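The values are calculated or read from the model by the stated rules, or taken from the named source; none is laboratory data. Every value quoted in this text rests on a predicted model; they were computed, and no experiment measured them. When we count neighbours, we look across all protein chains shown, and the Cβ atoms used for this are built from the backbone with ideal geometry, even at glycine. Accessible surface is based on the protein model in full, side chains and every heavy atom, while ligands, DNA and RNA are left aside. Shrake-Rupley method; radii C 1.70, N 1.55, O 1.52, S 1.80 Å.
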Amino acid sequence: MHRGQDGWHLGWTKKVPKITLLAYLSFALMDRTINRDIESVVINPVHLANRLGQQFIVDQFAKWQSSELRWNHLNQNVIRADLYCSVRDSIRKGDGKLDGTGCPVILPATFTGSDRWYHEKYMDAMAICQRFGRPHLYVTMTCNPLWEEITTQLKKHQHHEDRPDIVSRVFQLKLKELIRDFRRGAFGKLTAHVYSVEFQKSGNPHAHLLFWFQDKDAWLNPDTIDNFISAEIPDKDIAVKDKDGKILLVKNPIYDRVTKSMLHGPCGSPEYGERSCCNDTGVCRFDFPKRYQAHTEIAEDGYPFYQRRSPEEGGNTFCKIINDVPFTYTNDRVVPYSPWLLKKFDCHINVEYCHSVHSIKYVIKYIKKGTDMATIAIEKDNDDDKKPHNEVLEFENKRYVSSIEASTRIQEHSITGRNPAVVSLPVHLPNQQRVCFNPKKNTDNKQLLEKNKTTKLTDYFRLCRKNVRNARQLYYREIPEHFTWVEKSGSHYWKPRKHVNRDRPRTIGRIHLANISDRERFALRILLTHTKGATNWKHLRTVDSNGKKHVCKTFMDACIAKNLVLDDQCYIDCMAEAAEHTTNIKQLRALFVDIATTCEVINPRALFDKFKCELTKDFLYQYTRIFQNREVPQLSPGAFFTTPTNHAVSVLPNDLLVVIECTQIPIHGT
C-alpha cells in the first residue's frame, strides 16, 4: 500500500477470516474522517492519483475477478452434475464411487458477466414480457458528470473520471430514485420493470429500462403519449402567475436542459466534424433528422411518430456554433424526452413509448454483445492435438474493464434488475432430473438420492394430488405466483404464499426450454403448458377419447392423441417461440435445420415461408444498409447478392434454401 503496509493477501485472511478481497477493496476506496465528532476527511491517496488511481482500481478488480475465474478453472471436477438415474445406477453398482460420473461445468451462470449469466437474465426478462405483454415505456438514462453530487466531491484540477467511485455511486442513487418514481405512480400504476446498466469504453455509464403499467389501454391514446413524452424544443420563456395574479414571463427551466442534452447531431455534414453515428455515406444510423409530424401517430409495431412541428407550423429553433460554423436545430433533431424527468434528473434521459417486443430484446442483447474484438490463433491442424473449448480463457481474453465498471462491481452495485422476480421451472423426464454432487467429498449416497428426488415438477404433482390452494386449476408456470419454493436441509417443497395479487404478482414462473431433437422432453413441455392440475406422469399421458380414458406409452403419443402436434403446428409453435426469444439469427437458422432434417415435417416449404422474414432478417438488414439512399437492385430468381461480410443470399423459387453463415443447404420439400 501507499505507506508500505501489506494489502490484502491469502495469509492476511487468517487474522480476519470474514474479510474477502472484494470487501477489503470496497473498504480501501472509501473516504473517512479522523474523528466521528469532527468532519475532517482523511486524504485517500488513491483518489488523488488521477489516472494512476484509475489503473489501481482496475488492476485490483481484475485481480479479484481473475481469482474467481481461476477457482472455476481449477475446480472443474469438484462440482459435477448428472442425471438422477445415472447417479442411482452408479450407486447400485456397489462401489458407491461417483468419480467417473457427470460432466464438468466450464463457466456457470452464477458467474456474473458470463454468457450463461446474461442468457439467464435475458430469458427472465422475456418471461416478464410473456406474462404482462408488450412493455409501454423504454427509458435510457445516461450519467451526467456535471451533477452537483459529483462536482462537489472533486478536488482542484480533478475531473469526474478521476473519481470513478463517486460517479458509480451517484449514478446508482439516481437510477434507484428513477425506479422509485415510477413505483410511486408518476406515469401510472406500475406492474413490472426490467433494467440493465452498460459501461462504455470512453464515456459515462447509462441504463436501459423497460416499464409495464396496469392500465394498458390508456397508452394506446396519442393524447396520453403527448402528456408524458415530448419531441420538440420547448419555449424559452413561459407565462406564470405571481401571488397577486399577474402574469409574468419567466425562463423555462427545461429549455437549457433540452438544448444541452436532448439534441442530436449535427451529423451527415463534414464541416461539423465526424460523427460515430454516421456510416460511410454520411447517413445517421439513428435515422436523424426525423420527419416533421403535426400530430402524434402510433405505429403498428415499434415506436410512434411523435409530434414534431416544423418552423413553418410554429416549431421552435435553436442556433449553436459548432467548429466556428453556425447550425440551426429544429424539432427534427430532438431526442424524445419526459419534461418532468428531465427537469428532476438533469441528464440525457430518452423516453420512448414502445409497442414492440423487439425493444426488450434490445435492452439485454445490447449489453450482452460484449466487447468488440477479433482473436486470431495459429494452430497445427491435427485432430489429436486440438484442445477442448475453454470458456474461462475465452472470457479472460475478451473482457474489457473500465474504471467506472470496476468501481461499480467493487461496491457490489447491481448491473441488472427486474421486478417481479422470476423462478425457473425445470422440465425433466421421470428420474432424469439434474443432481449436483462433489465426487471428492464423502457423502451418504442414500441421502444424496433422497435429497435430489423431489424437484419443482414432482412437488407440483403433489400439490395437485392434494389440491392445495386449488392447485388443480393452475398451470405449471403459474405455481410460483401462488407458492414459494423452500429449500431446507433434506427437504424441498412448495409453500403457499400468504398474499397473492394476480395483477401484480411478486414472482412469476419461467419453464425451461426443451430442444426439439429431444422428442420426449419436448413433448412433456407441450403437455405441461396445455394441462392444468397434473397429478403425476401418468396423468399427463392419459387421453380422454369418447368418454374412455387411455394411457399412452410416451409423451409424444399423448401430444398426438390430444391434437397438440397436429400437422406441423408444434414445429410452428417451436419456431415462433424461438423467434420471439432468441437474438441470434444463426441459432434460429440452426434450429430450423434441425427441425427440417430430424423431425417429420409434413410441409417444410410452408414452414420456411412462414418464418423466412425472421430467418433472413440479418441479411435483409445488411442489404438495406448498403443501398440506403440509393436505388435498390431487384434480385431475379437464381441470382446471388454478396454482402460485405461475404454472406451470399440466393433466391431459388423451387428449392427451400437455408443460409447458415457461408454454407448453402438446399432442402427439398414434399
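The figures follow:
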{"quantity": "Residue within the range 239-248 that is closer than 28 Å to residue 502 by Cβ and either hydroxyl-bearing (Ser, Thr, Tyr) or without any contact (Cβ under 8 Å) to a residue 24 or more places away in the chain (or both) present", "calculated": "no"}
{"quantity": "Count - residues of the range 136-153 that are without any contact (Cβ under 8 Å) to a residue 24 or more places away in the chain, in contact with a helix residue (DSSP H, G or I) (Cβ under 7 Å, 6 or more places away or on another chain) and either not in a loop (DSSP other than H, G, I, E, B) or not polar (S, T, N, Q) (or both)", "calculated": "1"}
{"quantity": "Some residue of the range 98-109 being modelled with pLDDT of 80 or more and over 27 Å from residue 431 (Cα atoms)", "calculated": "no"}
{"quantity": "Filtered residue count, the range 165-194, keeping only those that are touching a His at 6+ places or on another chain (Cβ under 7 Å) and either of a type outside the set (Ser, Thr, Tyr) or modelled with pLDDT of 95 or more (or both)", "calculated": "4"}
{"quantity": "Scan of the range 462-480 for residues that are surrounded by fewer than 19 Cβ atoms within 10 Å (Cβ to Cβ) and under 13 Å from residue 536 (Cβ atoms), ordered by number", "calculated": "462, 465, 466, 472"}
{"quantity": "Tally, over the range 581-596, of residues that are at pLDDT 75 or above and either touching a helix residue (DSSP H, G or I) at 6+ places or on another chain (Cβ under 9 Å) or farther than 14 Å from residue 616 by Cα (or both)", "calculated": "10"}
{"quantity": "Count of the range 482-512 residues which are free of Cβ contacts under 8 Å to residues at least 40 places away in the same chain and more than 18 Å from residue 462 (Cβ to Cβ)", "calculated": "6"}
{"quantity": "Any hit, the range 323-331, residues being touching a Gly at 6+ places or on another chain (Cβ under 7 Å), within 30 Å of residue 231 (Cβ to Cβ), surrounded by fewer than 16 Cβ atoms within 10 Å (Cβ to Cβ) and modelled with pLDDT under 85", "calculated": "yes"}
{"quantity": "Enumeration of residues in the range 5-33 that are modelled with pLDDT of 70 or more and over 17 Å from residue 64 (Cβ atoms)", "calculated": "31, 32"}
{"quantity": "Hits in the range 260-282 - residues which are closer than 21 Å to residue 310 by Cβ and modelled with pLDDT under 80", "calculated": "265, 267, 268, 269"}
{"quantity": "Residues that are of a type in the set (A, V, I, L, M) and within 22 Å of residue 292 (Cα to Cα), drawn from the range 202-253", "calculated": "220, 225, 229, 231, 233"}
{"quantity": "Total residues in the range 527-547, condition modelled with pLDDT of 85 or more, in a loop (DSSP other than H, G, I, E, B) and not basic (Lys, Arg)", "calculated": "5"}
{"quantity": "Hey, residue 536 touching a residue at least 24 places away in the same chain (Cβ under 8 Å), farther than 22 Å from residue 422 by Cα and polar (S, T, N, Q) or not", "calculated": "yes"}
{"quantity": "Of all residues making up the range 186-221, the number that are farther than 30 Å from residue 152 by Cβ and either open to solvent by less than 40 Å² (accessible area, probe 1.4 Å) or of a type in the set (Phe, Trp, Tyr) (or both)", "calculated": "13"}
{"quantity": "Residue in the range 162-185 that is most open to solvent (accessible area, probe 1.4 Å), counting only those that are basic (Lys, Arg) and more than 23 Å from the chain's Cα centre (by Cα)", "calculated": "184"}
{"quantity": "Test set (1) within 16 Å of residue 520 (Cα to Cα); (2) within 31 Å of the chain's Cα centre (by Cα) - residue 540 fails condition number", "calculated": "(2)"}
{"quantity": "Looking only at the range 570-598, and only at residues there that are closer than 22 Å to residue 429 by Cα and surrounded by fewer than 17 Cβ atoms within 10 Å (Cβ to Cβ), the one that is nearest to the chain's Cα centre (by Cα)", "calculated": "577"}
{"quantity": "Of all residues in the range 34-53 being open to solvent by 70 Å² or more (accessible area, probe 1.4 Å) and among the hydrophobic types (A, V, I, L, M, F, W, C), the one that is modelled with the highest pLDDT", "calculated": "52"}
{"quantity": "Any hit, the range 561-569, residues being among the small types (Gly, Ala, Ser), in a helix (DSSP H, G or I) and within 23 Å of residue 428 (Cβ to Cβ)", "calculated": "yes"}
{"quantity": "Residue within the range 225-240 that is farther than 20 Å from residue 342 by Cα, among the charged types (D, E, K, R), loosely packed, with under 13 Cβ neighbours inside 10 Å and modelled with pLDDT under 90 present", "calculated": "no"}
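Condition check ((1) free of Cβ contacts under 8 Å to residues at least 12 places away in the same chain; (2) aliphatic (A, V, I, L, M); (3) not in a loop (DSSP other than H, G, I, E, B)) across all residues:
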position	(1), (2), (3)
457	no, yes, yes
521	no, no, yes
525	no, no, yes
549	yes, no, yes
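Every residue, every condition in (1) assigned to a helix (DSSP H, G or I); (2) at pLDDT below 75; (3) in contact with a helix residue (DSSP H, G or I) (Cβ under 8 Å, 6 or more places away or on another chain); (4) under 24 Å from residue 580 (Cα atoms), yes or no:
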position	(1), (2), (3), (4)
342	yes, no, yes, no
355	no, yes, no, yes
360	yes, yes, yes, yes
373	no, yes, yes, no
396	yes, no, yes, no
406	yes, no, yes, no
418	no, no, yes, yes
